[in-house]
Amino acid sequence: MSSPADGPGVPFFELTLLHEDLRVDLDRIWHEITADNAFIGGGAVDRFEERFASFCDVGHCVGVANGTDALELILSGLGIGPGDEVIVPGNTFLATAEAVHNVGASPVFVDVDPDTLLVTAEEITAAVTARTAAAIPVHLYGQMAAMPEILAACDRAGIACIEDAAQAHGARWDGRPAGSWGVAAGFSFYPGKNLGAFGDGGAVVTNDAALASRIRSIANHGRSETDRSLHDLIGRNSRLDGLQAAVLDRKLDEVSTWNEARRRVHASYATLLPSNAIAVSVRSEAEAVHHLEVVRVPDRDAVRDALAMCGIGTSVHYPIPCHLQPALQRDGQSELPVVEQAARHIVSLPMFPHLTSEQIARVASELGRVVSP
Ligand SMILES: *Cc1c(COP(=O)(O)O)cnc(C)c1O
């Protein structure tokens, strides 16, 4: 039997190989941006916005400073604020709820589907009150939530549907891309996302021209689009840098290839993982982009420790659900049994486009060795 230290380690995530492939173009981009001095806005931002809108199959894209701002700006643009409730899955990155809180509205957390760990139409419908203004389905781990049913539920309730697509660049449901379903969607270009910048970045995408222009104005100090010196409203500063836009524009050429590589990694894991490491299931209508490879194991913390001993990096997304975070505790929030149970058992395995079949096999075999039967 092998000792835990045998064999090479496997990082949880790595970007070096991905950037090496693009080295020449990335260096050129750096020179172009510094020569043009187009640091905020400018041609690179315009070009990326146009291409990302068409990637998402929508009419408008507004580049912003990060994914959290994207969600917050959508909420502000829709006039959602104090007194409003916004339905958010308990199983998401805290930022989804933070955006709601930061416009003065109250996040109301709901439970998720036990197989996909994604929010469902039923959970949203059950949480609607007279104060509900919107729901934010999150396409967590790179798989879209069941948008046809969720949209129908939001329409029935008369509330806005905002997609949190921060982990789902290029994901589809019945062939239709993430970001093209709700009234608007927020994307993040944090470096570790499927499409990542060289720092923070984000985007709002929407088919609503008026909403897009309102958000563009709010994100740029409330400036009038026709007269720079005129401020129609009090906004804020949340813009996409020229350098980030140029990097993203180049990476957009590759993201479908990288997503395809992630699907191959996921498929290999599916054939190699031990039977008591249960992957989050992918619905047949969904074309997932596997931002994360999340499995459930019986004794999660022991499994993570044992894999760390073999040099295999893992993470947990997310160990403390939003509704149990001290900053977001609120009266009347119900327990979320599926979210709470999942939080104790989920572990995220190494997942990135350049992961080799040897590395996948090593993760699977060590996991088979350490996972308790
Ligand atoms: C990353 C992420 C965000 C926030 O994006 P930032 O760019 O880090 O602000 C929001 N929601 C989800 C689900 C995320 O994964």
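The values are calculated or read from the model by the stated rules, or taken from the named source; none is laboratory data. Not measured: the values here are computed from a predicted model. Because the Cβ atoms are built from the backbone with ideal geometry, glycine has one as well, and the counts that use them run over all protein chains shown. Note: accessible area is taken over every heavy atom of the protein model, side chains too, but ligands, DNA and RNA are not part of it. Shrake-Rupley method; radii C 1.70, N 1.55, O 1.52, S 1.80 Å.
The table for this structure:
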quantity	calculated
Other-chain or far-sequence residues with amide H under 5 Å of Gly313's (modelled H)	Val10, Phe12
Within the stretch 219-268, GluC sites (Glu not before Pro) in DSSP loop having at most 14 other beta-carbon neighbours inside 10 Å	Glu225
Under 19 Å from the Asp208 label point (7 Å along Cα→beta-carbon), backbone N, the stretch 69-95	69-88
Size of charge dipole - the chain - debye, nearest 20, with Cβ of Lys, Arg +1 and Asp, Glu -1, no other charges	180 debye
Residue among Ile234, Ile74, Ile33 with the largest mean-square fluctuation in a Gaussian network model of the chain, springs linking Cα atoms under 10 Å	Ile234
Backbone N within the stretch 265-304 under 12 Å of label point (7 Å from Glu122 Cα along the Cβ vector)	none
Length added when fully stretched, Arg23-Arg344, from 0.36 nm per residue minus Cα-Cα	111.5 nm
Contour excess over end-to-end distance, with Cα ends at Trp30 and Glu149 and 0.36 nm allotted per residue	38.4 nm
The chain: Cys lacking any partner C-beta under 4.7 angstrom	Cys56, Cys61, Cys310, Cys322
Inter-site label distance for Glu285 and Phe12 at 7 Å from Cα along Cβ, in nm	3.3 nm
Between the stretch 278-325 and the stretch 144-195, the alpha-carbon center distance in angstrom	22 Å
Backbone HN-Hα couplings from phi across the stretch 188-199 [Karplus 6.51/-1.76/1.60, Hz, Gly and Pro as x]	10, 10, 3, x, x, 6, 4, 10, x, 8, 9, x
At R0 = 51 Å, FRET efficiency that the Cβ-Cβ distance of Arg131 and Glu358 yields, to 0.05	0.40
Additional length obtainable on full extension of the chain from Asp46 to Asp299, 0.36 nm per residue less Cα span	86.2 nm
For the stretch 217-253 and the stretch 122-136, distance of Cα centres in Å	31 Å
Area accessible to solvent at His323, 1.4 Å probe radius, in Å²	10 Å²
